[in-house]
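Visitor: So that we are looking at the same thing, I have put the structure below in structure tokens.
The values are calculated or read from the model by the stated rules, or taken from the named source; none is laboratory data. Note that the structure is a prediction, hence the values are computed from the model and not measured. Neighbour counts are summed over all protein chains in view; Cβ atoms, including those assigned to glycine, are modelled from backbone coordinates with ideal geometry.
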Ligand code: SF4
Ligand SMILES: [Zn+2]
């Protein structure tokens, strides 16, 4: 039986979460690199990515310090420019087919050639294999530039 007092008591107050959902995306677990779902949320005028690996638990990272700028910047869009040739087929889904694959929505705007991986910043979110023992040879460098030129033709100066 429902206690009579409870009928006249104030109903419990519902609480809001501390962040507003903005969009949905995919990311990777910073520990095992497994592809996982992620939410983009707005909190404290900033933008955050929140994700949860079934094995390693929740992670949160700030992706913009200015939520107003971030949301406004997304109002600008245009059709993507495709490369002359794609390098890989779509077989396993993003990001496994990187190349650029045929699903990529934009050509390569600013190629970065990592000529060695002598990096001592062991950032947990880095997807680069930072083993600190690889250095690109001149021939590898040349063939990488040839590869880019064949697909994008005009390259800005590389520094
Ligand atoms: S090329 Fe683009 S779409 Fe294709 S796997 Fe890489 S990031 Fe994803
Ligand atoms: Zn994980």
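Visitor: For segment 84-96, what are the residues that are part of a loop (DSSP other than H, G, I, E, B), away from ligand 2 (no atom under 16 Å from the Cβ) and under 26 Å from residue 37 (Cβ atoms)?
Guide: Of everything in segment 84-96, those that are part of a loop (DSSP other than H, G, I, E, B), away from ligand 2 (no atom under 16 Å from the Cβ) and under 26 Å from residue 37 (Cβ atoms) turn out to be 89, 90, 91, 92, 93, 94, 96.
Visitor: Hey, can you tell me all the residues within segment 2-30 that are farther than 21 Å from residue 60 by Cα and in a loop (DSSP other than H, G, I, E, B)?
Guide: 2, 3, 9, 10, 11, 12, 13, 14, 15
Visitor: Taking segment 127-147 only, how many residues are at pLDDT below 85 and under 30 Å from residue 78 (Cβ atoms)?
Guide: Selection size over segment 127-147: 2.
Visitor: Out of 33, 51, which single residue is under 20 Å from the mean Cα position of the chain (by Cα), in a loop (DSSP other than H, G, I, E, B) and within 16 Å of ligand 2 (Cβ to nearest atom)?
Guide: Residue meeting the stated conditions: 33.
Visitor: Separate question: Are there any pairs with C-beta distances below 8 angstrom linking a residue in segment 136-159 that is under 15 Å from residue 85 (Cβ atoms) to a residue that is part of a loop (DSSP other than H, G, I, E, B) and modelled with pLDDT under 65, with the two at least 6 apart or on different chains, and if so which?
Guide: Between residues of segment 136-159 that are under 15 Å from residue 85 (Cβ atoms) and residues that are part of a loop (DSSP other than H, G, I, E, B) and modelled with pLDDT under 65, the close pairs are 148/155; 149/155.
Visitor: In segment 69-83, is there at least one residue being within 26 Å of residue 145 (Cα to Cα), touching a residue at least 40 places away in the same chain (Cβ under 8 Å) and not in a helix (DSSP H, G or I)?
Guide: Yes: one or more hits.
Visitor: Of everything in segment 96-123, what is within 19 Å of residue 25 (Cβ to Cβ) and either modelled with pLDDT under 85 or exposed (fewer than 11 other Cβ atoms within 10 Å of the Cβ) (or both)? Give them in sequence order.
Guide: The answer is 98, 105.
Visitor: Give segment 97-110 a look and list any residue that's in contact (Cβ under 8 Å) with a residue 12 or more places away in the chain and assigned to a loop (DSSP other than H, G, I, E, B), or say none. Before the answer, list the steps.
Guide: From segment 97-110, those in contact (Cβ under 8 Å) with a residue 12 or more places away in the chain are 99-108, 110; that's our starting set.
Those that are in contact (Cβ under 8 Å) with a residue 12 or more places away in the chain and assigned to a loop (DSSP other than H, G, I, E, B): 99, 100, 102, 103, 104, 105, 106, 107, 108, 110.
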